[in-house]
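Inspection log for the structure reproduced underneath, given as structure tokens.
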Amino acid sequence: MKNIAIVTDSNSGITQSEAKRLGVYVIPMPFYINGKLFYEDINLTQEEFYTHLKEGSEISTSAPAVSDVTDLWDSLLKDYDEIVHIPMSSALSSTCATAMMLAQSYEGRVFVVDNKRISVTQKQAVLDAQRMAADGWDGSHIREKLLADMYECSIYSVKE
């Protein structure tokens, strides 16, 4: 059985403290607020973010730096056989395409999953991947299953 690390980004809604509790790894998404760089759940809380929104601050987002991704992967691959990386949907960001490109240099040890998810559905994919890894699945099969199930999720907003 392979030892597999599960990696996602903070768009999954998984906080750094929750990630530690779950045993997964979360790359914080960068935000620029009035020209200053912040990282979600590192030096920017949700409350602070919403305060900046209310104040009309200039806010933009960015993909994680390539070095932030590869530094994490390099560190994890010292202790893990493989990584399953579940970034936010490629429909919303270049983050996924960048991760896929970077994974090509990792000799089949990093499996990037573009299952078109975000938020709570992305988090569920992380939890599913974690369960599969615990059940002995390898990274390739985890990615295949997550891709096969990519549209087996939904979020409803109902106004009554």
Just give me the residues in the stretch 32-56 being within 24 Å of PRO87 (Cα to Cα) and assigned to a loop (DSSP other than H, G, I, E, B), in sequence order. ASP41, ILE42, ASN43, THR45
State yes or no: is MET100 open to solvent by less than 30 Å² (accessible area, probe 1.4 Å) and closer than 18 Å to MET150 by Cα? no
Got a number for residues in the stretch 1-13 being surrounded by 17 or more Cβ atoms within 10 Å (Cβ to Cβ) and either modelled with pLDDT of 95 or more or of a type in the set (D, E, K, R) (or both)? 6
Index of the failed condition, THR45 passing every other in (1) buried (at least 20 other Cβ atoms within 10 Å of the Cβ); (2) of a type in the set (Val, Ile, Thr); (3) modelled with pLDDT under 95: (1)
Restricting attention to the stretch 57-95, report how many residues are open to solvent by 60 Å² or more (accessible area, probe 1.4 Å) and assigned to a loop (DSSP other than H, G, I, E, B). 7
Which of the residues spanning the stretch 80-109 are modelled with pLDDT of 95 or more, among the hydrophobic types (A, V, I, L, M, F, W, C) and under 17 Å from ALA63 (Cβ atoms)? ILE86, ALA99, MET100, MET101, LEU102, ALA103
Check whether at least one residue in the stretch 15-31 is outside any loop (DSSP other than H, G, I, E, B), in contact (Cβ under 8 Å) with a residue 24 or more places away in the chain, surrounded by 11 or more Cβ atoms within 10 Å (Cβ to Cβ) and charged (D, E, K, R), and report yes or no. no
Condition (residue is closer than 22 Å to ASP128 by Cβ and of a type in the set (Gly, Ala, Ser)) applied to the stretch 23-36: is it met by at least one residue? yes
Which of the residues belonging to the stretch 114-142 are closer than 17 Å to ASP81 by Cα and open to solvent by less than 20 Å² (accessible area, probe 1.4 Å)? ALA129, MET132, ALA133, GLY139, ILE142
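The values are calculated or read from the model by the stated rules, or taken from the named source; none is laboratory data. From a predicted model like this one, the values you see are computed outputs, not experimental measurements. Reconstructed Cβ throughout: ideal geometry from the backbone, glycine too, with neighbour counts over all protein chains shown. Side chains are part of the model used for accessible areas, which takes the heavy atoms of the whole protein and leaves out ligands, DNA and RNA. Shrake-Rupley method; radii C 1.70, N 1.55, O 1.52, S 1.80 Å.
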